[in-house]
Structures are given as structure tokens and as C-alpha cells.
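Contents: one structure, followed by commentary.
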Amino acid sequence: MLKKGQPALNSLEEKISQLIICRLDGEQIGSRGYQEEIFELISEGIGGFILFGGEKDEVKPFIRSMQTRSEIPLFIASDIERGVGQQVSGTTLLPCQMAMAAALDKERPEEVALLRKAVEALSDEARDIGINMPLIPVLDINQNPDNPIICTRAFSDNPEAVAWFGSEYIRILERSGLISCAKHFPGHGDTSADSHISLPVIKKSYGDLLHIDIVPFRQAIKTGVSSIMVGHLSFPAIDAQPSSMSSSIINGILRGELGFEGLVMTDALNMNALKDMDQVSVKCLKAGIDILLHPSDVDFTLREIVSAVRKKELEEQLIDDVTVRILNVKQKITLGEKQVRYAEHEELSARISERSMTMIKDTEGVLPLSRNNKNQLIFSGDSKHFSSSPLKKYFEHIAHVHDTENLEGKRAVIAIFTSVAAWAGSSGIDEDEKDRIKALIGKAKDSVVISFGSPYVLRHFQEAGVLIAAYEPTVKAQEAALKCLNGEIACKGRLPVKLYPGDY
């Protein structure tokens, strides 16, 4: 039964609805028809929404109206690992987690202060927009250089470093009244598959998992994280079921071994990792899940769970227990009224981005660049970043990696753009492009290779004179790299991961 003083949930359907967080498409909220769909879900008792996209001045008032229509506060979740600007235009885009770790040394108090300011900025903007459940931090330890979906979303490949940075995020988020979410338990860092596309199989022992991947989650629980997201991952040494359906992993390890008492949610249920499985939501709940995140079909999910309870395949007491846990956490949800200094946050983001620039190799005499016709800018990787690149303003000669021929006597500056994104399947570049870049390095008088994305890309180009890790393809990262190239700033970043096989 629900506790005294908590909102009354009069039906099984209403209780089950509290367990579901569905999609809110910020780009569609201007549509009256779409608004009515959302309001209908609220009237039926939906537990919350996960926000994707939209514009600040539209999203903010709409979320306020959603909350006023709901008898029980709504979870408003969002993937804002790089700040609210990752989802909502008009807000601040912060450097990715790996860039944060590269820029800010935990042993230097002034740099720790910068980190805390950045997370406070993120928290203030989230509350201002109405996001009360930021799905951060990522606590995966990126142990696989070819990881297509974690990579620069991770702070590091070092468990202690990930644990420290994660705990700083959690402490500030929770202090701000937000519901932090550590992900993706028990660890998505040692995979070469994207769980949006297929089910990653991780062949490591429970002991290895406990002493490496789970270290940051153990610390997060001690720090007071409110929720933990379980990944769609297979650990055959522990359970034949995916971790999001595994009682051994959720009840045995997370609840039992680690003593976690907060909310446990699935990764998005619309991902292909679970696409061929039946009764997914029911199996997740039986395994110990509290929140079902982003199911493809909310009505189907609700009907499936109701049917399982009616048939005694799922205990209604379990639903009651989960609902109580959810309502207890929702008691801390409030609307943000604080004045938010967006312009100052932009400046802070740019400052950290500059500090993150990491010199991997520096051959004397190659940098700084002088502005002459001997410099050739060469674009490689994800072409969507080429046309708007601020690098183009500095270089007279610009080409694509596939179109470059004569580099005799020239200094080649090769800008490689890669992105870590759901459904992409890769965080690097293909073999043909690697070979072309190597050939260009051989033809040029001098060469500079900058990775605007995965730093692991640089391990293929050791012959280059200069290697710089810039961690992401943002405008701020490109402007910071340009300052490094022309000598305006030094590359002060520290590489948070090991690049070469011999380093492991």
C-alpha cells in the first residue's frame, strides 16, 4: 500500500503509469495536436518524460504547463552530459566528459573550482528549463579504444579518475535539488558494439567487473546518487539475461552487494539491443527495475504490465513498492526560479574547452603556424562539420582528404571530425581514410593532425609532426585548437586515456 500523505493512485493502471518515462520531442511542442497528446498522457498518470531537442523559450514554459497539469510531479529527464545545450538551443553547450577530465586536474584547487562552476552552471540551466532528472554522469570506464558509443562520453579509462569526477557531478547535482543518474551499470566501457544497434557481449569475470567497471558506481552510491541506469549489456559470466533484465545484476549486485536503495531505471527501451525479446517491460520489473525509460509504445507497455499482474505473472505488491520508491524521490522536485547567467556560462565553457586541448606529439619547428600560402587545411571524417568550420577563416588553401594531391613544400593541417552518437556504430574513421591521411603525411613537408572527437584516432598517425587531441567537433573546440596552432595559447590538457596498445 502507498504511504500516508502520498498522492492517491486509484487504479493499477495509474500506479504502472508512474513507472514509465516516455519521449518528449521539443521540436514538436509548437504543434497543438502534439501538445494534446502530451497532456493526455499526463491526465492518464504518466510518470515523466525524457526531453529531446527544442528551443529554450518554447520548452521552458511548456514544461511549466505540463507540471501544473499533473497532480503528481513529473520526472523531466534528459541526456545533458554536455550541458543543457546538448538538447535545448539557447542554452550552454559544455565540453564532453573526457574534455573535462583533460582540462581539469583534481590535484589543483583552482581547476577543481572551475569544474564545480561548470556543473553548477549545468544544474542552474537544467532547473531553469524544468529538467529535474539529468541523466548524468556517465560512469563507464572507456577501456576499448574502438568503443562506438562511450568513448569521449567517459571521463577516463582509469576507474579512480572516473569515480572522482562522477562524484563531483553527483554531489553538485543533488545539492541543487536535481535527481542525478549514474549510467550505464554495470559498465558499458569495455565494448566494441553500440547497444542502440545490437546487444554488446562483455566476456569478463565478475571479479574484473567488480574491481574495474563497478568502482565508480560504488563511489556514486556513497556520494548519494538518486538513480542508476542499467545498460542493455550481456555478461555471460554472471547471467544469460541482459543486465537490464537480470535479477542477479540488479537485485544481486546493485541492490545486494552495493546496497543501492535509490531508483533503478533501464536504458532506453527503444534500443535494438532488446528488439527480439518478448515481455521486455515485465522481465525488467521482475529483475528489479523501477523506471521503464523511453518505451517505443507507451500504451502497449502499459497493457502488457497490467496483463502480467492480472495473470499473476507479476506481483501487484512489487508495483506498489516501486511506486512508493518513485513518489518518495518525487517529493524533492521543485520548479527553478533562480536567475541564470547564460552569458557567463558560455565564457566558462570556452575557457574549459581551451584548457582541454592536449598535445600528444610536438615536433620542434612545426608550430606555431604562420599565416602564409604554405599551409594546407585538409578536412577528414564527418563532413557535416566542414562547411561551417571556423578553421576555414584562417587558411587560404582548403581541401578534402579525398581531393588532396600536391603537398610538396607545404605544411598539412589535417582536421579529423568524428562524433560519438547513438546508432552511428563507430567513433572513428574507416581504413580507406586512414590510408589516405598516412599518404598525405608522407607527402607534406610538415604535418599536424588534430582529432576533433575520439583521441584514439591519433594512434594511427604517429608519423605526423604534431598530434593534438581536441575531443569534440564543436565550434568552441575548433576555435581553441586554432589558438593552439597560431601560438595564442598553449595546449595544457592532459590525456585522460591511454592511446597505444603498449600503454595498457
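The values are calculated or read from the model by the stated rules, or taken from the named source; none is laboratory data. From a predicted model like this one, the values you see are computed outputs, not experimental measurements. Every residue, glycine as well, gets a Cβ built from its backbone with ideal geometry; the counts of neighbours run over all protein chains shown. These area figures cover heavy atoms from the full protein model, side chains too; ligands, DNA and RNA do not enter into them. Shrake-Rupley method; radii C 1.70, N 1.55, O 1.52, S 1.80 Å.
For the stretch 143-160, the set of residues classified as assigned to a loop (DSSP other than H, G, I, E, B), open to solvent by less than 10 Å² (accessible area, probe 1.4 Å) and modelled with pLDDT under 95 consists of Asn147, Pro148, Ile149, Ile150, listed by residue number. Selection of the stretch 199-225 for residues being in a loop (DSSP other than H, G, I, E, B) and either open to solvent by 50 Å² or more (accessible area, probe 1.4 Å) or touching a His at 6+ places or on another chain (Cβ under 9 Å) (or both) yields Leu199, Pro200, Ile202, Lys203, Ser205.
Within the group Lys483, Lys476, which residue is under 15 Å from Leu369 (Cβ atoms), open to solvent by 20 Å² or more (accessible area, probe 1.4 Å) and either without any contact (Cβ under 8 Å) to a residue 60 or more places away in the chain or not acidic (Asp, Glu) (or both)?
On the way: Lys476 fails: under 15 Å from Leu369 (Cβ atoms).
On inspection, the qualifying residue turns out to be Lys483.
Please tell me if Ala126 is under 24 Å from Phe217 (Cα atoms) and in contact with a Pro (Cβ under 7 Å, 6 or more places away or on another chain). Considered against the rule, which asks whether it is under 24 Å from Phe217 (Cα atoms) and in contact with a Pro (Cβ under 7 Å, 6 or more places away or on another chain), Ala126 comes out as yes. Of all residues assigned to the stretch 170-186, at least one qualifies as being part of a loop (DSSP other than H, G, I, E, B), more than 19 Å from Glu261 (Cα to Cα) and touching a helix residue (DSSP H, G or I) at 6+ places or on another chain (Cβ under 8 Å). Annotation note: Cβ proximity below 8 Å between a residue of the stretch 133-150 that is more than 13 Å from Thr191 (Cβ to Cβ) and a residue that is assigned to a loop (DSSP other than H, G, I, E, B) and among the β-branched types (Val, Ile, Thr) (sequence gap 6+ or interchain) occurs for Met133/Ile179; Pro134/Ile80; Pro134/Ile179; Leu135/Ile80; Ile136/Ile80; Val138/Ile150. Taking first residues from the stretch 446-464 that are in a helix (DSSP H, G or I) and partners that are open to solvent by 10 Å² or more (accessible area, probe 1.4 Å), the Cβ contacts under 6 Å between residues at least 6 apart in sequence or on separate chains come to Tyr456/Pro145; Val457/Gly428; Leu458/Ile360; Arg459/Tyr500; His460/Lys434.
Note on the stretch 64-80: residues that are crowded, with 23+ Cβ neighbours inside 10 Å and more than 17 Å from Gln18 (Cα to Cα) amount to 2.
Take Asp194 and decide whether it is open to solvent by 20 Å² or more (accessible area, probe 1.4 Å), among the acidic types (Asp, Glu) and out of contact with any helix residue (DSSP H, G or I) (no Cβ under 7 Å at 6 or more places or on another chain). If you could, list the steps in order and put the result at the bottom.
Working: open to solvent by 20 Å² or more (accessible area, probe 1.4 Å): no; among the acidic types (Asp, Glu): yes; out of contact with any helix residue (DSSP H, G or I) (no Cβ under 7 Å at 6 or more places or on another chain): yes.
Spelling it out, it is not the case that Asp194 is open to solvent by 20 Å² or more (accessible area, probe 1.4 Å), among the acidic types (Asp, Glu) and out of contact with any helix residue (DSSP H, G or I) (no Cβ under 7 Å at 6 or more places or on another chain).
Within the stretch 92-134, the only residue that satisfies the criterion of being buried (at least 21 other Cβ atoms within 10 Å of the Cβ) and among the basic types (Lys, Arg) is Arg127.
Considering only the stretch 293-328, state which residues are assigned to a loop (DSSP other than H, G, I, E, B) and over 12 Å from Leu269 (Cβ atoms).
Initially, the stretch 293-328 is screened for residues assigned to a loop (DSSP other than H, G, I, E, B), giving 294-297, 311-315.
Once the filter is applied, which keeps residues that are assigned to a loop (DSSP other than H, G, I, E, B) and over 12 Å from Leu269 (Cβ atoms), the stretch 293-328 yields Lys311, Lys312, Glu313, Leu314, Glu315.
Gly48 falls short on exactly one of the conditions (1) closer than 21 Å to Leu335 by Cβ; (2) open to solvent by 10 Å² or more (accessible area, probe 1.4 Å); (3) not charged (D, E, K, R), and that condition is (2).
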